[in-house]
Number of protein chains: 4
Amino acid sequence: MADNQWASAISSVAANEIRVRGYRLDELMGRVSFGDAVYLVLRGELPGRETGRLVEALLVASIDHGVTPPSTLAVRNAATTGAPLNACLAAGALAVNRHHGGAVEDCMKLLARGAARVASGDSPAAAATALIMEEKAAGRRLPGFGHRLHTDDPRSRRLLALAGEAGASAAHVAVAEAVAAQLAAGGKPLPLNVDGAIAAVLADLGFAPGLANGFFILARTAGWIAHVSEELEREKPMRTIDQRAAVYDGLAPRTLLAR
Amino acid sequence: MADNQWASAISSVAANEIRVRGYRLDELMGRVSFGDAVYLVLRGELPGRETGRLVEALLVASIDHGVTPPSTLAVRNAATTGAPLNACLAAGALAVNRHHGGAVEDCMKLLARGAARVASGDSPAAAATALIMEEKAAGRRLPGFGHRLHTDDPRSRRLLALAGEAGASAAHVAVAEAVAAQLAAGGKPLPLNVDGAIAAVLADLGFAPGLANGFFILARTAGWIAHVSEELEREKPMRTIDQRAAVYDGLAPRTLLAR
Amino acid sequence: MADNQWASAISSVAANEIRVRGYRLDELMGRVSFGDAVYLVLRGELPGRETGRLVEALLVASIDHGVTPPSTLAVRNAATTGAPLNACLAAGALAVNRHHGGAVEDCMKLLARGAARVASGDSPAAAATALIMEEKAAGRRLPGFGHRLHTDDPRSRRLLALAGEAGASAAHVAVAEAVAAQLAAGGKPLPLNVDGAIAAVLADLGFAPGLANGFFILARTAGWIAHVSEELEREKPMRTIDQRAAVYDGLAPRTLLAR
Amino acid sequence: MADNQWASAISSVAANEIRVRGYRLDELMGRVSFGDAVYLVLRGELPGRETGRLVEALLVASIDHGVTPPSTLAVRNAATTGAPLNACLAAGALAVNRHHGGAVEDCMKLLARGAARVASGDSPAAAATALIMEEKAAGRRLPGFGHRLHTDDPRSRRLLALAGEAGASAAHVAVAEAVAAQLAAGGKPLPLNVDGAIAAVLADLGFAPGLANGFFILARTAGWIAHVSEELEREKPMRTIDQRAAVYDGLAPRTLLAR
């Protein structure tokens, strides 16, 4: 045995046989969703049907948010200098940090404190009260609550509904909802934003806070590819990109029900 | 109107209403797969059911390939220095280039030349013969054919089968299969590898070659997150990572049929 | 011997003895300039005194150019999201591409064609005429000539003067000057810009075109660090950075002569 | 005034006049060293002659350290996949983190605590004793002290000598030396390594700890360019890079005195 031997439990690769967490990749293809496969590669087991659908919904929720997020600006800014696609995507990932995307991780840590209280016998409401007071005393803002634009984020609402349907909601979701309710009752409407909803659901699914940014980067990579593609098709190189001067000229509102 | 106004057709964002290509994101969540949403954000329309399933299979096919790919090594190497997750993923994306991941793009361009011949009246077999001769004359290797390890890549086989079931196979797949058949008949078994199969399917789905690396980076990001997570959990910081000293110690082979 | 043995000729590292290109690093420290050391690590030999001074001037010329370059915007954009310093600098490097910084490399290749003509007996003027006609026929712009803002870039003028003093000017500089002269005489004043001057000098110093972006990134990294530092000190996180709304509020003009 | 106006004090750019911190760039070129210019862009004033020479020595000290540092491996690993030079350098920067390069920043913070004690009347020796006890009590290793390979790092020795000659040594250097002396006297020889020496000198020069990694990345970028260049010239694409299988085959030891 080499003295520097090390081991990985993620995939095994042999001639004509690639397995992820024990399953042949070609068997998984076409039989499980990408959300199932993401859960599998990260957790080691395939999720139940409803959980896999929830993971896909989490990814769909984060796929794009127009041209204003700083990471999307970073991607377009790289593209306009002539960067290859992979460098544009890397530039996007590098712009997902504490202040942008980081609220999911911070909110997961906050809710974990609340869930620990619930595990010790507190009600979600009591845990929420404690969290609000602790954060106020420390002079910190509550990560995952409030949004400059969305006062009632439809993505949050939908995600929590799907988590409920999937039977995946537990202490973290309960504490998150209790915090939002108490803030609203206290005259400070700081609704659960999409970062907060994703945080609550990821935490109840058992994901570690340190992976939160990864989900966002994974999903948003699809949006970033679309922005690079559009930038190269529609704009001249080396332009000064002013987000505030951007308008939407895409398809008119439509609904799935009409399909 | 500002003189530097510009437009994007991807997403519209208004208070409490985020739409991608016209659809409300919250309506899409839980109703379409992530593969559907990827197709939507890139192409402007939702795919048919079978096409969406094919896109998900494409993503599942690329989700991981063990510890030896240079991009995965780049990710682990960044992680062992203490880089945050987003920087590790950026390092991975930066290692997806001409020699690693680039075969998909090159193969799409090659097959496009073949498909153009087919559109002009050639049979796929005649187009394949022409491509093989042209590349041989130019002293170039055929991108997407042959693999150092997999002589009959199960991912390629499965992907082409799914494309056939979805009715998505057209000239690019036909030319790719004809090239492989002629190479095998000529005593030079250079089977269609997974890059080549993905290239043929992406091309028949109408994606531009310039986006090929994006699909790979998107899918593999999930695997990279798993590798960062495992690196931090199982290894000490600042280790010298020797891929050749890696062993697999994960779950034993299993099958979906037993679920 | 290990079957995967490979060799590097750059540095040797043994206990208490680090050598770069044969010289002890501690002996170099304080005795050679950073420009000398850059030349040494890249070329294998220390430059003459005047050449080393020229390399330092090249680096000083590129150290900063205010807030408008897209790479500097990329750096500040990363910083405002909370990225650590190294990720900000990586984002800057990723924005140095074909359209921004790439003119040096392209101009070096252009001038190499001119220098080859000179080596074959053409005068610099004849070589310049040929280059201008070839590029015009191909519908290409001349990289390294013309600037949206600087009609007579003082950095170019100074760099060529220093190259002359150093005895480092040769065919590439001669061709570059001849191209500029002929463009001016033809009523199309496209003066040699700083990219073009750096290209001519780097080429006459014998550097390969593929390293050109490296010099720019190396020098500009110093400026980028200053921009990250200023961004963190003076601005709030997550701001929308509009380059066109930036003003200079630094020290008033001054001169070295008054020191 | 635009409501989003903001200001920068680093450089002013007008037609044919680029000034850094008030000085014309073309006046600086050839008259100040790159180290002087780095100090100027970061601090706002040109350093004295000896201080500028010290900054250059700091940069020279970090220019390369062979093929084993993880950031250099990251650079070569990117290069072997076919990444362009700027992406290779970005990959290098992304590998400079807490565990690699981060000791400078951590040591600057440690020494700042010691210097604060000195400012309050403690002797450097007393401050050193306090630091050692505090870190031991907290179960932390002393950043900047000890090295797996260099028991008496010649770069540290030389840097401290140059700082002394420049009159730049103050409380941080004094505390660093006192810590090393007490560790040696206590039978635990953990000599000041190059990170620690750079930390002490940067701190006594008045640089903020948050910039420490920037100096390292700036200097090492030169070495990384050399490694990319060598990788492309000497090696095949897509190789598995094993640092432990690397040998040095460059120039034999030589000395400046023989020039």
Residue check, B:Arg140 charged (D, E, K, R) and touching an Asp or Glu at 6+ places or on another chain (Cβ under 8 Å) = no
Note: among A:Leu211, A:Leu190, just one is more than 22 Å from A:Thr72 (Cβ to Cβ) and within 23 Å of the chain's Cα centre (by Cα), namely A:Leu190
Say whether the condition of being on the phi < 0 side of the Ramachandran plot and touching a His at 6+ places or on another chain (Cβ under 7 Å) is met by at least one residue in the range B:115-124.
-> yes
Name the residue, out of D:Ile198, D:Ile225, D:Ile217, that is among the β-branched types (Val, Ile, Thr), at pLDDT 95 or above and in contact with a Gly (Cβ under 7 Å, 6 or more places away or on another chain).
-> D:Ile225
Might you check whether a residue that is over 30 Å from D:Ala161 (Cβ atoms) and surrounded by fewer than 24 Cβ atoms within 10 Å (Cβ to Cβ) occurs anywhere in the range D:39-55?
-> no
Any hit, the range B:149-156, residues being surrounded by fewer than 21 Cβ atoms within 10 Å (Cβ to Cβ) and basic (Lys, Arg) | no
Does the range B:84-98 include one or more residues that are in contact (Cβ under 8 Å) with a residue 24 or more places away in the chain, away from chain D (no Cβ under 14 Å) and hydrophobic (A, V, I, L, M, F, W, C)?
-> no
Working carefully through the options B:Leu205, B:Leu192, B:Leu251, find the one that is at the interface with chain A (Cβ under 7 Å from one of its Cβ atoms) and of a type outside the set (Val, Ile, Thr).
-> B:Leu251
Got a number for residues in the range A:32-51 being among the polar types (S, T, N, Q) and either without any contact (Cβ under 8 Å) to a residue 60 or more places away in the chain or within 7 Å of chain B (Cβ to nearest Cβ) (or both)?
-> 1
In the range C:138-159, which residues are more than 14 Å from chain D (Cβ to nearest Cβ) and either at positive phi or assigned to a loop (DSSP other than H, G, I, E, B) (or both)?
-> C:Ala138, C:Gly139, C:Arg140, C:Arg141, C:Leu142, C:Pro143, C:Gly144
Pair list, Cβ under 6 Å, 6 or more apart: the range D:148-165 residue touching a residue at least 12 places away in the same chain (Cβ under 8 Å), other residue polar (S, T, N, Q) and part of a loop (DSSP other than H, G, I, E, B) | D:His150/C:Asn16; D:Asp152/C:Asn16; D:Asp153/D:Asn193; D:Ala163/D:Ser169
Restricting attention to the range A:145-161, does a residue exist that is under 23 Å from the mean Cα position of the chain (by Cα) and over 19 Å from A:Ala61 (Cα atoms)?
-> no
Mind checking which residues of the range B:238-248 are in contact with a strand residue (DSSP E or B) (Cβ under 9 Å, 6 or more places away or on another chain) and either at the interface with chain A (Cβ under 7 Å from one of its Cβ atoms) or on the phi < 0 side of the Ramachandran plot (or both)?
-> B:Arg239, B:Ile241, B:Asp242, B:Gln243, B:Ala245, B:Ala246, B:Val247, B:Tyr248
Determine, yes or no, whether B:Ala125 is more than 13 Å from chain A (Cβ to nearest Cβ), under 30 Å from B:Glu56 (Cα atoms), touching a residue at least 24 places away in the same chain (Cβ under 8 Å) and assigned to a helix (DSSP H, G or I).
-> yes
Note on A:Arg113: of the conditions (1) touching a Leu at 6+ places or on another chain (Cβ under 9 Å); (2) buried (at least 20 other Cβ atoms within 10 Å of the Cβ), unmet is (2)
Selection within the range B:184-207 - surrounded by fewer than 24 Cβ atoms within 10 Å (Cβ to Cβ) and without any contact (Cβ under 8 Å) to a residue 60 or more places away in the chain | B:Ala184, B:Ala185, B:Gly186, B:Gly187, B:Lys188, B:Pro189, B:Leu190, B:Pro191, B:Asp204
For the range A:238-256, how many residues meet the condition of being in contact with a helix residue (DSSP H, G or I) (Cβ under 8 Å, 6 or more places away or on another chain) and either without any contact (Cβ under 8 Å) to a residue 24 or more places away in the chain or hydrophobic (A, V, I, L, M, F, W, C) (or both)?
-> 6
Would you mind stating whether C:Thr68 is touching a strand residue (DSSP E or B) at 6+ places or on another chain (Cβ under 8 Å), over 15 Å from D:Val32 (Cα atoms) and more than 8 Å from chain A (Cβ to nearest Cβ)?
-> no
If you go through the range A:101-113 one residue at a time, do you hit one that is in a loop (DSSP other than H, G, I, E, B) and not hydrophobic (A, V, I, L, M, F, W, C)?
-> no
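The values are calculated or read from the model by the stated rules, or taken from the named source; none is laboratory data. Owing to the predicted nature of the structure, the values given are computational and were not obtained by experimental measurement. Positions of Cβ are backbone-derived with ideal geometry, glycine not excepted, and every protein chain shown enters the neighbour counts.
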